[in-house]
Amino acid sequence: METLTAFLAAPISLVIWAALVIPSEIVLLADLRRNNAHLMSLMKLVWALTVLYSGPIGLLIYWSCGRKEISTDSLPRRAFRSVAHCYSGCGLGEVTGLIIAVGLLQLSTPWVAGITFALAYVAGFALTVGPLMQDGVGFNKAMWDALLSETPSITVMEIVAIGTDLTLSGNAGIADPLFWSSMVVSLTCGLVAAWPVNLLLIRYGVKEGMMDPRNTEHAHG
C-alpha cells in the first residue's frame, strides 16, 4: 500500500495516466465516428466518459461490448454496457463531490463521503430517469424503475470507489497529484465492483440492460 501511495503521489503518475487516456479517447471517438455513428447520442457520451475515467480499461469494455462489430451478445456483455451507463453518471457526480467537499470546502472525511455519495447517486439516477421519460415513461414510474434497478449498482460502486479514494488519498488536497491519481484508481475500482451486481440484476430481470449495439436503429446519414 505504501509503495502504491508513493507512486500515486508522484506527478509522473498523472503524466502516465494522461498518456494512456488521451490515445484511448482518440481511438474511441474515431471508431464512433467511422464505424458506430448509429449508436444513440447518450451511449456515445457514456462511452466517452467511461474511457475518460478509466482509459484503456474503458476502451477495452467498449471494444468488446459496445460496438456493432461484436460477434455475439451475452449476459456479461450486457452487464458491462449497463455498468458503463451507470458509471458515466456516477463518476461525474463523484468527481464533482470530491472537488467540492475536499478542494473547496475542505470538509472532514464523513462529510466528504456523504456529499460525494449523494452527488454520485443523483447523477447516476438522473441518467436513468431522463432517458426513460424521453421514451414516454411517466415520471413516477421512471423514478420507481430507476430506484429498483440502479440503487444496488450505485451503492456498491460508490462504497468501493469512495472507500478506495479516501484510503489512498489520505489528507491530500486538490493541488496534490495524489488527490487526482487516487480518484482515477478509485473510479475504476468502483466500475469493476459494480459489474457483477449489474450481471445479477439483469439475470434476474430487475433491469433490462442496454440494447445490443448491433440492433440499434439510430442510423446517421
Got at least one residue in region 168-182 being of a type in the set (Asp, Glu) and open to solvent by less than 60 Å² (accessible area, probe 1.4 Å)?
no
Suppose we filter region 84-100 for residues that are open to solvent by 10 Å² or more (accessible area, probe 1.4 Å) and closer than 17 Å to Asn198 by Cβ; how many remain?
1
Over region 101-121, the set of residues surrounded by fewer than 16 Cβ atoms within 10 Å (Cβ to Cβ) and either hydroxyl-bearing (Ser, Thr, Tyr) or not in a loop (DSSP other than H, G, I, E, B) (or both) is Gly103, Leu104, Ser108, Thr109, Pro110, Trp111, Gly114, Ala118
Filter region 73-83 for residues that are touching a residue at least 40 places away in the same chain (Cβ under 8 Å) and assigned to a helix (DSSP H, G or I); which is most open to solvent (accessible area, probe 1.4 Å)?
Arg78
Is it the case that region 2-11 has a residue that's touching a residue at least 60 places away in the same chain (Cβ under 8 Å), among the hydroxyl-bearing types (Ser, Thr, Tyr) and open to solvent by less than 30 Å² (accessible area, probe 1.4 Å)?
no
Can you confirm whether Gly163 is open to solvent by less than 50 Å² (accessible area, probe 1.4 Å) and either at positive phi or not in a helix (DSSP H, G or I) (or both)?
no
Matching entry among Leu147, Leu191, Leu199, Leu187 (being surrounded by fewer than 21 Cβ atoms within 10 Å (Cβ to Cβ), closer than 23 Å to Leu60 by Cα and aliphatic (A, V, I, L, M)):
Leu199
Restricting the search to region 129-147, which residues are in contact (Cβ under 8 Å) with a residue 40 or more places away in the chain and among the β-branched types (Val, Ile, Thr)?
none
Matching residues in region 142-177 - criterion: being closer than 23 Å to Ala79 by Cα and at pLDDT below 90
Ala142, Met143, Trp144, Asp145, Ala146, Leu147, Leu148, Ser149, Glu150
Got at least one residue in region 176-190 being more than 15 Å from Ala6 (Cα to Cα) and in a loop (DSSP other than H, G, I, E, B)?
no
Flagged in region 57-72 as within 17 Å of Asn35 (Cβ to Cβ) and surrounded by fewer than 24 Cβ atoms within 10 Å (Cβ to Cβ), in numbering order, are Leu59, Leu60, Ile61, Trp63, Ser64, Cys65, Arg67, Lys68, Glu69, Ile70, Ser71
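The values are calculated or read from the model by the stated rules, or taken from the named source; none is laboratory data. These figures come from a predicted structure and were not determined experimentally. Note that we place each Cβ from the backbone using ideal geometry, even for glycine, and neighbour counts take in every protein chain shown. Accessible surface is based on the protein model in full, side chains and every heavy atom, while ligands, DNA and RNA are left aside. Shrake-Rupley method; radii C 1.70, N 1.55, O 1.52, S 1.80 Å.
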